[in-house]
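What follows is calculated from the coordinates using simple rules that are stated; it is not laboratory data. From a predicted model like this one, the values you see are computed outputs, not experimental measurements. Here the Cβ positions follow ideal geometry from the backbone for every residue, glycine too, while neighbour counts run over all protein chains shown.
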Amino acid sequence: MAGMLLVVSGPSGAGKGTVLRAVMDRRSGMFFSVSATTRPPRPGEQDGREYFFMDGKTFSELRGKGGLLEWAEYAGYFYGTPEGPVRERLARGQTVVLDIEVVGGAQVMERCPEAVSVFLTPSDERELERRLRGRGTESEETIQKRMARAREEYRFMDRYRYIVVNDALGEAVKTLEAVITAEGARAERRPEIFSQYREKTTV
Ligand code: ADP
Ligand code: 5GP
């Protein structure tokens with residue numbers, strides 16, 4: 001059985017990383033797709049864990065070879081999803097998680113219409129800036145770029161199948177888990193159960 005491709009987007013500071021880490025700690029069979037990026041690492045980030053950090057030339061070679069499922073430019077840097085590991089994990093039946101911005105999200109939805117798309121946001125836009133500042137990883141200039149980008153990202157929100165509000169962290173984690181559980185139970189994802197019982201039915 002092919003796995004589930006889960007696309008999670010939302011403005012910077014929404015809590016995508018935090019919510020996804022919590023969900024992945026609680027569930028097995030999930031694979032976080034590590035993206036390629038030209039952004040420099042933040043303190044504590046490790047090559048191959050948060051991202052594959054690379055220069056612009058290496059990134060465009062990877063893109064040119066057709067190695068990326070999607071890619072986009074975000075606040076002055078390039079980001080892209082290596083396609084090989086995603087296909088491989090899906091073939092093994094795993095849930096593959098993409099934490100990507102909305103332009104890349106749109107590319108994935110077009111190429112993989114069966115993808116489960118989730119837009120994560122706090123209910124109050126002002127909370128984004130508080131969280132970004134609270135995280136303490138970005139310069140003032142980068143915070144301004146990311147806040148400007150956030151306003152554009154909200155225009156893509158209606159393309160997503162689910163909206164998860166991240167006000168209370170525990171609630172957001174539960175809601176995202178509920179989405180994954182329900183999507184995993186969709187009839188078309190369980191053909192083996194379907195055919196097993198159909199074969200036994202005589203009427
Ligand atoms: P993103 O990956 O969407 O940019 P992060 O997961 O890095 O966002 O979260 C941004 C900041 O907000 C972090 O400092 C994180 O600890 C904090 N945060 C995440 N979710 C919540 C929440 N529900 N309530 C308060 N703070 C949160
Ligand atoms: P950050 O620099 O905060 O880690 O990420 C900035 C933005 O880039 C976030 O919205 C994140 O979801 C997005 N992003 C991370 N990896 C990818 C990717 O592979 N492709 C695309 N399109 N966006 C990505």
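Below 13 Å, Cα to Cα, which aspartates and glutamates can Lys145 reach? Residues fewer than 8 away in the same chain don't count.
Glu73, Glu129, Glu153
Local charge sum around Thr175 (other residues, Cβ-Cβ under 15 Å, Lys/Arg +1, Asp/Glu -1)? Display every interim value, and only then the final one.
Values: positive: Lys16, Arg26, Arg27, Arg161, Lys174; negative: Asp167, Glu171, Glu177, Glu183.
Cβ neighbours under 15 Å give a net charge of +1.
Report the net charge of residues surrounding Gly29, where surrounding means a beta-carbon distance below 12 angstrom and charges are Lys +1, Arg +1, Asp -1, Glu -1.
Taking every other residue near Gly29 into account, the sum is +4.
Name the trypsin sites (Lys or Arg not before Pro) in the range 99-203 that are in a loop by DSSP and that have at most 10 other C-beta atoms within 10 Å, would you?
On the way: sites: Arg111, Arg126, Arg130, Arg131, Arg133, Arg135, Lys145, Arg146, Arg149, Arg151, Arg155, Arg159, Arg161, Lys174, Arg186, Arg189, Arg198, Lys200; in loops: Arg161, Arg186.
Nothing satisfies the criteria.
What is the distance in Å between the Cα centres of the range 46-75 and the range 166-181?
Cα centres, the range 46-75 to the range 166-181: 29 Å.
If N is the number of residues in the range 57-203, what value comes out of its Cα radius of gyration divided by 2.2 N^0.38 Å?
With N residues counted in the range 57-203, Rg over 2.2 N^0.38 Å equals 1.30.
Mind listing the phi-derived Karplus ³J(HN,Hα) values for the range 45-58, rounded to whole Hz, using 6.51, -1.76 and 1.60 with θ = phi - 60°, and x for any glycine or proline?
These are the phi-based 3J(HN,Hα) values: 7, 10, 4, x, 9, 6, 8, 9, 7, 8, 7, x, 5, 5 Hz.
Hey, what angle do you get for helix 102-111 against the long axis of the chain, alpha-carbon based, 0 to 90 degrees rounded to 10?
So the helix axis and the longest Cα principal axis differ by about 30 degrees.
For the peptides 45-56, 83-94, 68-79, what is the packing order when you average, over each peptide's residues, the other Cβ atoms within 10 Å and list the highest mean first?
Details: 45-56: 13.2, 83-94: 14.9, 68-79: 18.8.
Final packing ranking: 68-79, 83-94, 45-56.
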